[in-house]
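**Q** Please see the structure below; I have some questions.
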Amino acid sequence: MRVCLDRVSQGYGSTQVIDGLTLDLRPEVIGLLGPNGAGKTTLLRTMATIMPPRAGSLSLDDRVVTGERAARAVRSSIGYLPQKFGFDPGMRVLDFVRYAAWMRGVPAGRWDGEARRALEHVDLWDRAGARMKRLSGGMRQRAGIAWAIVGAPGLILLDEPTVGLDPRQRLQFRKIISGLRDSVVVLSTHLIDDIEAICDRVVVMHGGAIKFNGSTGELARLSRPGLPGNSDLERAYMSLLPEEEQVL
């Protein structure tokens, strides 16, 4: 899978959030960093084809998404988990993931097998018969990841998936994501230690624009003494923000 955004502009009403953004992504785990309001969620929603670009183009494997018909044709290749995802509390976990398979266009004869594979990947197969409302917060997040990965989509978009997870659950999450490198995985997060642990590439956004796009090692080399932060990556991230935002 190759995902290309070429001079994409995006916004809501009269508000422009992204202006002329270009990005080329291949299979790996990409961390998406930036302060609140940087445009991260808008970018994920655009890549998920929920919002067609106002200008520029989005393409998946050379299939340009020019409208709703083209968007429907590529959605089977996209798994998207928003930060706050909805579910029927009374639905069983297996049915929740089978429903995602149906929505993604997986043939009916493969729903059970694909749902089982997704739940096994997130270590949740033993709770397949449980109702969603009975799951702990960490289990519910894993069910959400199973929703996003069922059917092996080539593009997986995860918006703040570790919010509210305890340290053990975050370690479990990292293990799950590390096993998805055959896909383009875009992980939006504020947690730089998660980026350092599992991401191959980092994209830093601010004001709807990309301020950095490179490996974690390349980002760490931007670290400067005197900036806030407890690690080279944190100090490097702070170096990319405007001076008035570098002061705590």
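Read-outs: derived from the displayed coordinates by stated rules, not from any lab. Keep in mind that this is a model prediction, so the values were computed, not measured. All Cβ positions, even for glycine, are placed from backbone atoms using ideal geometry, and neighbour counts span all protein chains on display.
**Q** Could you state the principal axis extents of the C-alpha atoms in the stretch 3-245, from the largest down, to the nearest angstrom?
**A** Taking max minus min along each principal axis of the Cα atoms, the stretch 3-245 gives 54, 42, 31 Å.
**Q** How about the stretch 148-248: which GluC sites (Glu not before Pro) there lie in a loop by DSSP and see at most 11 other Cβ atoms within 10 Å?
**A** Details: sites: E196, E218, E234, E243, E244, E245; in loops: none.
Here no loop site has a sparse enough neighbourhood.
**Q** Given an 8 Å cut-off on Cα distances and at least 6 residues of separation, report the relative contact order of the stretch 3-245 as a percent.
**A** Taking the mean separation of contacting Cα pairs over the length of the stretch 3-245, I get 25 percent.
**Q** Then there is this: To make sure I understand the rule: partners must be lysines, Cα under 26 Å from the Cα of K40, and not fewer than 8 residues away in the same chain. Which ones qualify?
**A** Once the sequence-local lysines are set aside, what remains near K40 is K84, K175, K211.
**Q** Explain nothing, just the number: relative contact order of the stretch 51-190, from Cα pairs under 8 Å at least 6 residues apart, as a whole percent. Don't skip to the end; give the middle numbers.
**A** Details: 185 pairs, mean separation 37.6, N = 140.
It comes to 27 percent, rounded to a whole number.
**Q** Could you please report the charge total around R75, scoring K, R as +1 and D, E as -1 over all other residues with beta-carbon less than 15 angstrom from its beta-carbon?
**A** On the way: positive: R45, R63, R69, R72, R104; negative: D61, E68.
Neighbourhood net charge equals +3.
**Q** Expected output is a single nm value to one decimal: the length gained when fully extending between D126 and H190, i.e. 0.36 nm times separation in residues minus the C-alpha distance. What is it?
**A** Values: separation 64, 0.36 × 64 = 23.04 nm, distance 3.09 nm.
Between D126 and H190, full extension yields 19.9 nm more.
**Q** Roughly how big is the chain's charge dipole about its Cα centre, with Cβ charges of +1 (Lys, Arg) and -1 (Asp, Glu), in debye to the nearest 20?
**A** Numbers: 33 positive and 28 negative charges, 183 e Å.
The calculation lands at about 880 debye.
**Q** Going Cα to Cα from K133, which aspartates and glutamates come in below 14 Å? Please leave out same-chain ones fewer than 8 positions away.
**A** D88, D95
**Q** Another question, then. Please list, by residue number, every one of the trypsin sites (Lys or Arg not before Pro) in the stretch 31-93 that is coil in DSSP and has at most 10 other beta-carbon atoms within 10 Å.
**A** Details: sites: K40, R45, R54, R63, R69, R72, R75, K84, R92; in loops: R54, K84.
Of the trypsin sites (Lys or Arg not before Pro), the ones in loops of the stretch 31-93 whose Cβ has at most 10 other Cβ atoms within 10 Å are K84.
**Q** Another question, then. Tally the DSSP beta bridges in the stretch 3-245 and give the antiparallel ones as a percent, rounded to 5.
**A** Numbers: 21 of 39 bridges.
Within the stretch 3-245, antiparallel bridges account for around 55 percent of the total.
**Q** By how many nm would the segment from R174 to Q16 lengthen if fully extended, with 0.36 nm per residue of separation less the alpha-carbon distance?
**A** On the way: separation 158, 0.36 × 158 = 56.88 nm, distance 3.36 nm.
Taking R174 through Q16 to full extension adds about 53.5 nm, to one decimal.
**Q** Roughly speaking, what is the stretch gain from F87 to D200, that is 0.36 nm per residue apart minus the C-alpha to C-alpha distance, in nm to one decimal?
**A** On the way: separation 113, 0.36 × 113 = 40.68 nm, distance 3.12 nm.
Length difference between fully extended and current span is 37.6 nm.
**Q** If you take every residue apart from G129 with its C-beta less than 11 Å away from the C-beta of G129, what net charge results, scoring Lys and Arg +1 and Asp and Glu -1?
**A** Working: positive: R92, R127, R131, R134; negative: D95, D126.
Once all neighbours under 11 Å are counted, the net charge is +2.
**Q** Calculated from DSSP H runs of 4 or more alone, at -39500 (n - 2.57) each and per residue, what is the 222 nm mean residue ellipticity of the chain, nearest 500? Don't jump to the answer; show the numbers that get you there.
**A** Values: 9 runs with 82 residues, N = 248.
Helix-only estimate at 222 nm: -9500 deg cm²/dmol.
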